[in-house]
1. May I ask you to list pairs of residues, at least six apart or on different chains, whose Cβ atoms are under 6 Å apart, with the first in the stretch 65-85 being at negative phi and the second being of a type in the set (Gly, Ala, Ser)?
2. Tell me which residues, restricted to the stretch 1-38, are open to solvent by less than 30 Å² (accessible area, probe 1.4 Å), under 24 Å from Leu103 (Cβ atoms) and either among the aromatic types (Phe, Trp, Tyr) or not in a loop (DSSP other than H, G, I, E, B) (or both).
3. Sort through Val418, Val390 and tell me the only one that's modelled with pLDDT of 90 or more, over 31 Å from the mean Cα position of the chain (by Cα), within 30 Å of Pro661 (Cα to Cα) and not acidic (Asp, Glu).
4. All but one of (1) within 23 Å of Ile159 (Cβ to Cβ); (2) in contact (Cβ under 8 Å) with a residue 24 or more places away in the chain hold for Trp213, so report the exception by its number.
5. With (1) open to solvent by less than 60 Å² (accessible area, probe 1.4 Å); (2) without any contact (Cβ under 8 Å) to a residue 60 or more places away in the chain; (3) touching a Lys or Arg at 6+ places or on another chain (Cβ under 8 Å) as the list, and Val568 as the residue in question, which single condition is left unmet?
6. Filter the stretch 284-303 for residues that are over 25 Å from Pro115 (Cβ atoms), of a type in the set (A, V, I, L, M) and open to solvent by 60 Å² or more (accessible area, probe 1.4 Å) and give the result.
7. Evaluate the following for Leu666: is it modelled with pLDDT of 85 or more, open to solvent by 30 Å² or more (accessible area, probe 1.4 Å) and within 51 Å of the chain's Cα centre (by Cα)?
8. So, in the stretch 267-292, exactly how many residues are under 28 Å from the mean Cα position of the chain (by Cα) and without any contact (Cβ under 8 Å) to a residue 12 or more places away in the chain?
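The values are calculated or read from the model by the stated rules, or taken from the named source; none is laboratory data. What you are looking at is a predicted structure, and each value in this text was computed from that prediction instead of being measured. Using ideal geometry, Cβ is built from the backbone for each residue, glycine included, and neighbour counts are taken over all protein chains shown. For accessibility, only protein heavy atoms count, side chains too; no ligands or nucleic acids. Shrake-Rupley method; radii C 1.70, N 1.55, O 1.52, S 1.80 Å.
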Amino acid sequence: MIPHLSESALVLAPHGRDAGIAAAVLTEAEVRTVVCDSLAELQRRLQRGAGFALLTEESLRGADLRALSGWIRSQAEWSDFPFVLVTHRGGGLERNPSAKRFLDLLGNVTFLERPFHPTTLVSLAQSALRGRRRQYEARARLEALHRGAEKYRSLFESIDAGFCIIQMIYDDAGRPIDYVFLETNPAFEKQSGLVDAVGRSMRALVPAHERKWFDIYGEVAATGNKVRFEEHAEALGNIWYDVYAFRVGDPSAQQVAVLFNNISARREMEQALRENEDRLRRLNETLEARVTERTAELATTENALRQSQKLEAIGQLTGGVAHDFNNLLMAIMSSLALLRRRVPDHPTVHRLIDNALQGAERGAALTQRMLAFARRQDLAAERLDVPELVNDLAELVGRTLGPAWPLELHFTADLPAVFADTNQLEMALLNLAVNARDAMPGGGTIRITAEKRELPDADIAGVHSGTYIGLSVIDTGHGMDSTTLERATEPFFTTKGVGKGTGLGLSMIHGLARQLGGTFTLKSAPGEGTTATLWLPVAAGLAGEQRPVSPPPADAEPAVGRLKVLAVDDDSLVLLNTSALLDDLGHHVLEASSGGEALKLIQRHPDIDLLITDQAMPNMTGTQLVEHVADLRPALPVILATGYGEVPPGFEDRIIKLGKPFSQKLLKQAVAKAIGRTHAET
């Protein structure tokens, strides 16, 4: 190893175990380490060369430091030997002003407080060695500068550190106010971000550059004292720099050479390490309190997790359970209907059967509410005048909200009508108005507006092109941040307290808008209120709108005769009762429990007159079965029996939809309609 380029670590820690621990840590990090027994030995080895020195505060206290101070002052221009000083807790410069004596003595010193983490020691050692290497590089380059201008230029341009020579500028009072860049190396632009700096002043390049930089370089130019420091340059992009500055040329020229490196990453790591160590220290000091606090937090988190899991499970089951519930109600209602026709005409028995049927019908109504949560309910759409509907509803909304929340209604002229479900739309408006009231607990005006607009546009996407009516409820309440706004229409998501909201309101409104062929939008920001808008297509653009099937009057049903019907359902109870209802109507029934089995029966029985199939079946859905049947028997009438409200696009004119659970009367009407449609088309 070349002595004057040595990267050895010198350790002076004569008291305690610090020397052995530090040497072991540094050796493990592959840093060559020499333990010095005394200050005199340290000084001798400094003369021979080293990378940095690790000293303890106790090793310097009370010692004669004149020789060490003289060596530090006599360093060559390129050298700024790094020291790492291990202090007691609170011994750092920030928390112990007395440590300034060591800073003045050692110059390039980094404080390491006990207790320290090995990672922190290794990080500081590596940083010191990197700095020493840069000094060696600077030494070589400075020597080369003295040997010739050409060599100076080559080395000047090759170093990785940023380097520049600046000319100080002073005001009339002698205060440094700016400086001009005389020379820069290629790394200067990368390290500082300043382009084409030569010949230009710092104020011209960065008007907001901090005053402290001018004061530091002005002091160097005036006194000739070299400085080594780490400083933050916010105006250059929030960067931390390791800077070494010294005066060059004739003192009257007021020129300063600056060697600097971006050390932001290292500072962030050191800050993170200090914060982690502080947190660990505080945790150890308050362990009992932290254990109690964490136990309480864990219990709260577990309760919240259990509640979240319950709500998540409900949200996932809401849509699917309606299908199974409809199947059960189908089996119950059809069985009761057939049973009523077969039992003796006994008033008590018939009353019990009627009660059971009423209970099943109430269950069917419940499934419709569940399907509303899942956005799959049938809608009784009709032509509506939006201003008229809102004006009729305004009195009810006003009474619900209370006098502290007056309503303002604003509608543009000549608004066209829309197709919508009156009850569902009124419920949506009332829900939005209540949400607006809750967002303004101290009171405030709630505005309901309507406008006509061509969509989609830059603000609103996800709808078919056409004319829409935007029905908005607007408040000036606390608003929502972006995270809350993104989740606002999720089922069971709510910002209200326990017992004050289910989180289903906006989800149902969004489902209603989508079923009507429109969409639902929310615009909000903290402190700026919320605008909730239902976008509904105008009636003129809904010629193909799907409507619930309205069976023809009983006296208008055509005679269909005895039919050969294929009934398909994966639920054996539903299949059995559907077959029984059809058989009771006088039809011959073939049964299949899957789409694949149904296709085989259609191929074997070309005389099948009608197909009635469930929609939600494994492996092959009802609509997929209809697609396959269209290839084999394109004219075969099809009834799709399903508890869901929506049918895939393109199937409205190809099937008769029969909602589950259905009665024998509705089944009879659907059969007549399917056969009648086929005869009309023929």
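1. Ile72/Gly107; Trp78/Ala138; Pro82/Ala128; Pro82/Gly131; Phe83/Ala53
2. Residues satisfying the conditions are Ala9, Leu10, Val11, Leu12, Ala19, Ala22, Leu26, Cys36.
3. Details: Val390 fails: within 30 Å of Pro661 (Cα to Cα).
Of the residues listed, the single one that is modelled with pLDDT of 90 or more, over 31 Å from the mean Cα position of the chain (by Cα), within 30 Å of Pro661 (Cα to Cα) and not acidic (Asp, Glu) is Val418.
4. Trp213 satisfies all of (1) within 23 Å of Ile159 (Cβ to Cβ); (2) in contact (Cβ under 8 Å) with a residue 24 or more places away in the chain except (2).
5. With respect to (1) open to solvent by less than 60 Å² (accessible area, probe 1.4 Å); (2) without any contact (Cβ under 8 Å) to a residue 60 or more places away in the chain; (3) touching a Lys or Arg at 6+ places or on another chain (Cβ under 8 Å), Val568 is out only on (3).
6. At the first step, the residues of the stretch 284-303 found to be over 25 Å from Pro115 (Cβ atoms) are 292, 295-303.
Those still in the list that are of a type in the set (A, V, I, L, M) too: 296, 298-299.
Matches in the stretch 284-303: Leu298 only.
7. Working: modelled with pLDDT of 85 or more: yes; open to solvent by 30 Å² or more (accessible area, probe 1.4 Å): yes; within 51 Å of the chain's Cα centre (by Cα): yes.
Answer is yes for this residue.
8. In the first step, residues of the stretch 267-292 are kept if they are under 28 Å from the mean Cα position of the chain (by Cα); the result is 268-269, 271-273, 275-276, 279.
Cutting the leftovers down to without any contact (Cβ under 8 Å) to a residue 12 or more places away in the chain gives us 268, 271-272, 275-276, 279.
So the count comes out to 6.
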